[in-house]
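To start, the structure itself, in structure tokens.
The values are calculated or read from the model by the stated rules, or taken from the named source; none is laboratory data. Because the structure is a prediction, the values reported are computed rather than measured. As a convention, Cβ positions derive from the backbone with ideal geometry for all residues, glycine included, and neighbour counts pool all protein chains shown. Areas reflect the complete protein model, heavy atoms only, side chains present, ligands, DNA and RNA absent. Shrake-Rupley method; radii C 1.70, N 1.55, O 1.52, S 1.80 Å.
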Amino acid sequence: MDDHRVTRRGSLIKLGGAGLAAVLGWKAVEEASGAGPAAVASGAVSCVLSPEQTEGPYYLEGDKVRRNVTEGRPGVPLTLKLTVLDVSTCKPIKGAAVDIWHCDAVGAYAAVTNATFLRGIQRTDGKGAATFKTIYPGWYQGRTVHIHVKVSLGGNVVHTGQLYFADSVTDKVYTRSPYSSRPGRSTRNPDDSIYRNGGSRSTLKLRKVGTGYTGSITMGVQR
Ligand code: FE
């Protein structure tokens, strides 16, 4: 199913988010039901600028271009479908470089040990989509579950953000091995200061597929 059906809307959208311009006149993408300010507030409309968030300490230049980033790391399979739209036109952007990196099931980042697991780059296709095969991230002290993302166009970074997971889904996943070997995660979405600055608009839409999940989101960027 293509969940990126674009519907042009001329509605003037007003958002109070600290990281956003006060008034966004962009045409909105209607992903499911409803449109207009209420739909924006509820997250149903996603052709709005994705919130900029810190890239954090574990970004490395020169990640590998590859779809499967797991390198055999154990965990619940996660297919990520990340779509990039131009917020000024609401049209998909082809050829954008999407860079992701996240920690493994026990909360470790490759960057700490000069390894390369769970990091990679894909270029968006004609529908603006970049797809990755990875695992559901683990957690580390003081942060809610997240995936870092950076989007570049022609070598220029146009978006740096983080992607989040519904706590209820994480709770289910973390009952499974190997996550269950490390219980008691410290921080849930509402407790995370970075999440609180726009995280609800950067939360993946998760769908159970087989033993794993697909996570999809549309990221609106400015060229
Ligand atoms: Fe992180």
Determine if segment 179-195 includes at least one residue that is closer than 26 Å to Asp86 by Cβ and open to solvent by less than 70 Å² (accessible area, probe 1.4 Å). yes
When you scan segment 144-169, how many residues do you find that are part of a loop (DSSP other than H, G, I, E, B) and within 12 Å of the ligand (Cβ to nearest atom)? 2
All-but-one check, Ala110 against (1) within 15 Å of the ligand (Cβ to nearest atom); (2) closer than 17 Å to Tyr164 by Cα, failing number (2)
Which residues, counting only those in segment 61-98, are out of contact with any Gly (no Cβ under 9 Å at 6 or more places or on another chain) and among the charged types (D, E, K, R)? Glu61, Glu71, Arg73
Would you please name the residue that is farthest from the ligand (Cβ to nearest atom), looking only at residues in segment 89-103 that are part of a loop (DSSP other than H, G, I, E, B) and open to solvent by 10 Å² or more (accessible area, probe 1.4 Å)? Thr89
Residue list for segment 131-143, restricted to those being of a type in the set (Lys, Arg) and within 11 Å of the ligand (Cβ to nearest atom): Arg143
Can you tell me which condition Pro137 does not meet? The list is (1) closer than 19 Å to Cys90 by Cα; (2) open to solvent by less than 30 Å² (accessible area, probe 1.4 Å), and all the others hold. (1)
Determine whether Lys172 is more than 22 Å from Gly56 (Cβ to Cβ), in contact with a strand residue (DSSP E or B) (Cβ under 6 Å, 6 or more places away or on another chain), open to solvent by 30 Å² or more (accessible area, probe 1.4 Å) and away from the ligand (no atom under 16 Å from the Cβ). no
Just to be sure before I move on: is Gly126 within 12 Å of the ligand (Cβ to nearest atom), in a loop (DSSP other than H, G, I, E, B) and open to solvent by 20 Å² or more (accessible area, probe 1.4 Å) in the structure I sent? no
Could you list, in sequence order, the residues of segment 204-223 that are open to solvent by less than 40 Å² (accessible area, probe 1.4 Å) and assigned to a strand (DSSP E or B)? Gly212, Tyr213, Thr214, Gly215, Ser216, Ile217, Thr218, Met219, Gly220, Val221
Quick check: is even one residue across segment 70-88 at pLDDT below 50, closer than 21 Å to Ser202 by Cβ and part of a loop (DSSP other than H, G, I, E, B)? no
